[in-house]
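Q: This is the structure, below, for whatever I ask next.
Computed from the coordinates by the stated procedures, all read-outs in this text should not be read as laboratory data. What you see is a predicted model; the values in this text were computed from it and never measured. Counting neighbours? That spans all protein chains shown, and the Cβs are built from the backbone with ideal geometry, glycine included.
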Amino acid sequence: MDYCNGILAGLPQSTLAALQRVQNAAARLVLGLRPYDHTHCGALRQLHWLPVYYRVQYKLSILMYSIAKREALVYLGELVRQTCEMTSRSNLHSSVNNTYVKYCTKTKFGQRAFSIAGPLAWNALPTALRTISCKDTFKRHLKTHYFNLAFFRLVCFNHFRCFIAALYFIVCMLACLRYWTFCNWRATSVLLLSLELSRR
């Protein structure tokens, strides 16, 4: 799953869903869970496994770190360019933050190129993380960063889904109450009309 997964950068979530299902099945197998048990918030967090999307971002960030430290292959370093190397941006704040130029592309397919996906992943990292000198320390902090980011979003999504469910329940109850009130009012009106007619 991690071998050459940098080529998966820029793919939509619907395409990555197949690999995510493989990872979920592996987590169930390792932990001895049932086939339909939910794995995102429980099993993957327990195993300290990053979801597929963040594994791709992790690989891109590692490659960009190797380029920044002049440890990568030469052809990889030629694909990207630091912001401080551009004369038009030498006086900008981004030129001293160890960032790389984000090239523009007109197509979604073009965004999958390493020259674009790599700088996007690298520039999105916190400045303190990009300035770490030890590679092992960088890997450890990078995984923690993506781990917290991935599962924080999942928890927020679950809370939002619960909020929507509760809101839907309240709306349904209000609709039922309104219908019940209308029916009672109508029945009361019919009863009063019947009494009035019987008196006549």
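Q: Which peptide among 50-60, 116-126 comes first, and what is the full order, when sorted by highest mean count of other Cβ atoms within 10 Å? Show your work: numbers first, answer last.
A: Numbers: 50-60: 21.5, 116-126: 19.1.
Descending mean neighbour count gives 50-60, 116-126.
Q: Sort ILE164, ILE62 so that the residue with the fewest other Cβ atoms within 10 Å of its own Cβ comes first and the one with the most comes last.
A: Numbers: ILE164 10, ILE62 18.
Least crowded to most crowded, the residues run ILE164, ILE62.
Q: Shifting gears a bit: Within straight cross-link reach of LYS143, meaning Cα distance under 30 Å, which lysines are found once same-chain residues fewer than 8 apart are removed?
A: Cross-link targets: LYS59, LYS69, LYS102, LYS108, LYS135.
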